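Just so it is clear, none of the values below were taken in a lab; they were calculated from the coordinates. Just so we're clear, the structure is a prediction, and the values are computed from it rather than from any experiment. Glycine also receives a Cβ, built like all others from the backbone with ideal geometry; neighbour counts cover every protein chain displayed.
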Amino acid sequence: MPTITITKLYDLVSVKLGKETAENLTTFIEEKIKGEVDTKTSILATKEDLARERADIIKDAANNRAETIKWMFLFWIGQMAAMFGLLMLFLKK
């Protein structure tokens with residue numbers, strides 16, 4: 001499909017519909033396209049946004065790692081206490 005410029009569209013439409021209607025139509029199309037482009041560009045993430053999110057993810061991962069290590073030590077201390085209790089129970093008999 002060949003591309004068409006606003007000027008060429010104006011020329012083609014002005015022959016059929018008149019100059020005022022063609023001007024209104026091309027102005028409407030330009031404003032609609034500009035609005036869509038503005039909407040899309042406001043949604044896009046910049047490199048700074050991505051870098052900030054990456055830093056937040058790394059920080060969260062470090063915090064989760066510290067929490068996991070803490071709970072691992074508590075688990076193993078509990079396991080050792082339970083094994084020590086069972087051992088003492090068997091040795092007492």
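Points to keep in mind about this one:
- Filtering region 35-93 to residues that are of a type in the set (A, V, I, L, M) and outside any helix (DSSP H, G or I) leaves Leu44, Ala45.
- Of the residues screened, Ile43 is one that is of a type outside the set (Gly, Ala, Ser) and either touching a residue at least 60 places away in the same chain (Cβ under 8 Å) or over 27 Å from Asp11 (Cβ atoms) (or both).
- A single entry from Glu67, Glu53, Glu36 fulfils the requirement of being among the acidic types (Asp, Glu), under 33 Å from the mean Cα position of the chain (by Cα) and within 30 Å of Ile6 (Cα to Cα): Glu36.
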